[in-house]
Amino acid sequence: MTAKLIDGVALSKKIRAEVAQRVIALGARGIKPGLAVLLVGDSPASQVYVRNKVKACEDAGLKSVLEKYTADFSQTELLARIEALNQDPSIHGILVQLPLPAHIDANLVIEAISPLKDVDGFHVGSAGALMVGQDGFKPCTPYGCMKMLESIGVDPRGKHAVVIGRSNIVGKPMAMMLLQASATVTICHSATPDLAQFTRQADIVVAAVGKRNMLTAEMVKPGAVVIDVGMNRNDEGKLCGDVDFAGVSQVAGWITPVPGGVGPMTITMLLVNTLEAAERAAA
Ligand code: GUN
């Protein structure tokens, strides 16, 4: 292996320790940051995700409230809960775990969250703020990827960044953040012919597709930074990303592992966003 590892666990630990310090500083002013996590339905994966989010809050000294509802919880009831949390001064961040059951319009629910409490950064107001370079909450996963670049001293300015994937949660906001940081950005996706033609030119590649081994060694420029947002299972049931780690790590300059790369950073940036929401509310 020639590539250096970008250690998301170590970076998360460092950032979470800084969060805990800022939480203590707010505490001295009588304020405890509070996150409300709403889960509708009984998806096992979502249960694990929300449990990890709640635990991370507790570990960093934030308050977290988990509201679990059965799959038949109505859209009207959910909207009413969000409105109550919008008005609740002890709650600074509201997160509705996705996906929602089919009878609930996820867009309507996300738009009901106050942009001041939108710590997921999914509200159109947050997306718009990111687009025009204004302050707002940034989606946690791409925000974490930017922190990883910063941690290794890679400034995107003037670099060619290729983002593979165009989701509202990762691909699109990732491209916007890299553009804001003065990278030249190419967004590739499922309809891009000859993906390798683009990735081979990239100084920074972010893979956010959800398909294992979709980025292989011959698609990567020697020395490139490779960030793997994928979360897949291999044939043995082990967690793996979108990148063929064994091959690409022979070519890349830097690479994120899966697990232990981007994954822990997502929750870390949720803590950062919730803390910032509380700091802004207290300002
Ligand atoms: N489902 C999968 N990832 C996420 C996330 O980051 N936030 C929310 N709210 N739901 C998700």
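Laboratory data are not the source of any read-out in this text; all were calculated from the coordinates shown. Bear in mind that the values here come from a model prediction, so they are computed numbers and not experimental data. A quick note on method: Cβ atoms are made from the backbone with ideal geometry, for glycine too, and the neighbour counts reach across all protein chains shown.
Below is a table of values for the structure above.
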| item | result |
| --- | --- |
| Within the stretch 193-205, tally of residues that are among the polar types (S, T, N, Q) and within 24 Å of the chain's Cα centre (by Cα) | 1 |
| Selection count, the stretch 79-125, where residues are in a loop (DSSP other than H, G, I, E, B), over 12 Å from residue 36 (Cα atoms) and either touching a Leu at 6+ places or on another chain (Cβ under 6 Å) or hydrophobic (A, V, I, L, M, F, W, C) (or both) | 5 |
| Positions within the stretch 47-70 being in a helix (DSSP H, G or I) and either under 18 Å from residue 275 (Cβ atoms) or touching a Pro at 6+ places or on another chain (Cβ under 8 Å) (or both), in sequence order | 52, 53, 54, 55, 56, 57, 58, 59, 60 |
| Search result, residues across the stretch 2-23 that are part of a helix (DSSP H, G or I), over 18 Å from residue 142 (Cα atoms) and among the aliphatic types (A, V, I, L, M) | 17, 19, 20, 23 |
| Pick from the stretch 115-136, criterion within 15 Å of the ligand (Cβ to nearest atom) and small (Gly, Ala, Ser), ranking: surrounded by the most Cβ atoms within 10 Å (Cβ to Cβ) | 121 |
| Strands (runs of 3 or more DSSP E) lying entirely in the stretch 169-283 (those with 1 or more residues that are buried (at least 19 other Cβ atoms within 10 Å of the Cβ) and touching a residue at least 40 places away in the same chain (Cβ under 8 Å)) | 204-207, 225-228 |
| Filtered residues of the stretch 137-160 (kept if more than 16 Å from the ligand (Cβ to nearest atom) and either out of contact with any Asp or Glu (no Cβ under 7 Å at 6 or more places or on another chain) or in a helix (DSSP H, G or I) (or both)) | 148, 149, 150, 151, 152, 153, 154, 155, 156, 157, 158 |
| Complete set of residues in the stretch 91-113 that are away from the ligand (no atom under 14 Å from the Cβ) and among the small types (Gly, Ala, Ser) | 102 |
| Contacts under 9 angstrom Cβ, first residue in the stretch 122-134 being closer than 21 Å to residue 97 by Cα, partner basic (Lys, Arg) and assigned to a helix (DSSP H, G or I), 6 or more apart | 127/172 |
